[in-house]
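This report concerns only the one structure given below.
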Amino acid sequence: MLLLCDPQSQVKMPYMKKTSGKRAPAKRKLAEEFAVGEILADTTKKEWKLGVSIGQGGFGRLYLADVNSSKSVGSDAPYVVKVEPSQNGPLFTELKFYMRAAKPDEIQKWTKSHKLKYLGVPRYWGSGLHEKSGNSYRFMIMDRFGRDLQRIYEENAKRFAHKTVLQLGLRILDILEYIHEHEYVHGDIKASNLLLSYKNPNQVYLVDYGLAYRYCPEGVHKVYKEDPKRCHDGTIEYTSIDAHKGVAPSRRGDLEILGYCMIHWLSGHLPWEDNLKDPNFVKDSKIRCRDNISDLMDKCFPGKNKPDEIAKYMEKVKLLSYEEKPVYQHFREILLQGLKAIGQRDDGVLDFGLSENGDLQAKPMQKKKRKTAAATDESTEAEMEDVGSPQKKKPTSSNLKFGSEICLQEEKSIILHWLRFLQGTLTFFKIKQWLPKHGG
């Protein structure tokens, strides 16, 4: 799978998921490149002007775009256009989801009726067919986004703050409730399918509906049926036990996948991650962990304060039957209690240390004045958000004790971790010289 992006935004092209032991999809024709300024007219006759191509992958191309006008499409364009040869399938499949469930008015109505600040479902702005050089191309216009969470996760030493994980869980539950109510399940929730808003890094969107599954067409739920030809569909480390067995995706599967994601984001580990090439091992491991969730928590959080709310979440997922409609508010309440337990609240702030366009930015390492005992009790909410959890305060240059309480290797790890966020203001050579020498 390829990500299609310019340095400041990315939107995924539909793709075929890799599954174990399955035949590769037939080769499809790649769309030819369109010129900057080319005009596309959607099915409502609305015209869209193309900007620069910002990538290609799978079977299509991606362009910056804006509503047609006398102005050229700038680098700050608010839309992107996906283009594929019309005979290709993935974009057509994704379009069906967007046309049924992602119209801006429908999303706005849901957001208002459910008293949400926003809903992380990409909005569908239009689509159509375009003829060029005797060939027919299908296109779709959607919002432009910022970076995906997988890149940020990897740049952040493969950990997210406890508060951030729980808030991501809450936002994704909002998304899943919406798409489930519109008869679809996603089936592939993961960090690389979660993109930040281009303008607001505190908003996260679930993308890639190229293989979204309509589990309940016309209100009739698909029956539980194991199909060996469909075993292990999805992303192997996160996919549901149902998917491992070849059962069509359902609502409980989406919630199970979200649970694995939260565990991975918080602990940096999943018990089966070293055996991903053996899908049956992964399936059996997930079944054992489902049957003994305390063992799952021990494996992922050894010797640590285990997040009780994650265990409760997984226990509740375990109780869902295949066709059962989840009570989404019950799952939200579990995560909200988790926030309360760490002295936090759902304030809508995702602590990624990002600038407005979704790029990682350096946080200045300012020396903090030592507080008195009385002043410590008056620490601001902003400071609480910065540390993510009152039990784990991020080390800074002012509270490190080199060569004493923290061993040299930990010192190096901490310094190199913060170096990622300094954006080149310090070189590794300088850092290495600054560290004390303890026998090399």
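The values are calculated or read from the model by the stated rules, or taken from the named source; none is laboratory data. Here the structure is a predicted model, which means the values were calculated and not measured. With ideal geometry, Cβ positions are generated from the backbone for all residues, glycine too; neighbour counts draw on all protein chains shown.
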What number of residues in segment 322-333 are touching a residue at least 60 places away in the same chain (Cβ under 8 Å) and part of a helix (DSSP H, G or I)?
3
Of the numbered conditions (1) in contact with a Lys or Arg (Cβ under 7 Å, 6 or more places away or on another chain); (2) part of a helix (DSSP H, G or I); (3) surrounded by 13 or more Cβ atoms within 10 Å (Cβ to Cβ), L336 satisfies every one except a single condition; which is it?
(1)
Which one is farthest from the chain's Cα centre (by Cα), of the residues in segment 193-227 that are small (G, A, S) and at pLDDT below 95?
G219
Could you please find all residues in segment 305-321 being β-branched (V, I, T) and not in a helix (DSSP H, G or I)?
none
Among what's in segment 268-287 and is more than 22 Å from K306 (Cβ to Cβ) and among the hydrophobic types (A, V, I, L, M, F, W, C), pick the residue that is surrounded by the most Cβ atoms within 10 Å (Cβ to Cβ).
V282
Please state which of the following conditions N135 fails to meet, knowing it meets all the rest: (1) within 27 Å of E309 (Cβ to Cβ); (2) surrounded by fewer than 23 Cβ atoms within 10 Å (Cβ to Cβ).
(1)
Let me confirm something: among E383, E378, which residue is more than 24 Å from H244 (Cα to Cα), more than 21 Å from the chain's Cα centre (by Cα), modelled with pLDDT under 50 and not in a loop (DSSP other than H, G, I, E, B)?
E383
Residue count, segment 127-180 (criterion: without any contact (Cβ under 8 Å) to a residue 60 or more places away in the chain and farther than 12 Å from L194 by Cβ)
7
Step by step: first the residues of segment 339-348, then only those that are surrounded by fewer than 17 Cβ atoms within 10 Å (Cβ to Cβ) and touching a residue at least 24 places away in the same chain (Cβ under 8 Å), then the one that is nearest to the chain's Cα centre (by Cα). Which residue is that?
G348
What number of residues in segment 176-185 are farther than 11 Å from A102 by Cα, of a type outside the set (D, E) and surrounded by fewer than 22 Cβ atoms within 10 Å (Cβ to Cβ)?
1
Which numbered condition D208 fails, given (1) closer than 26 Å to T111 by Cβ; (2) not in a loop (DSSP other than H, G, I, E, B)
(2)
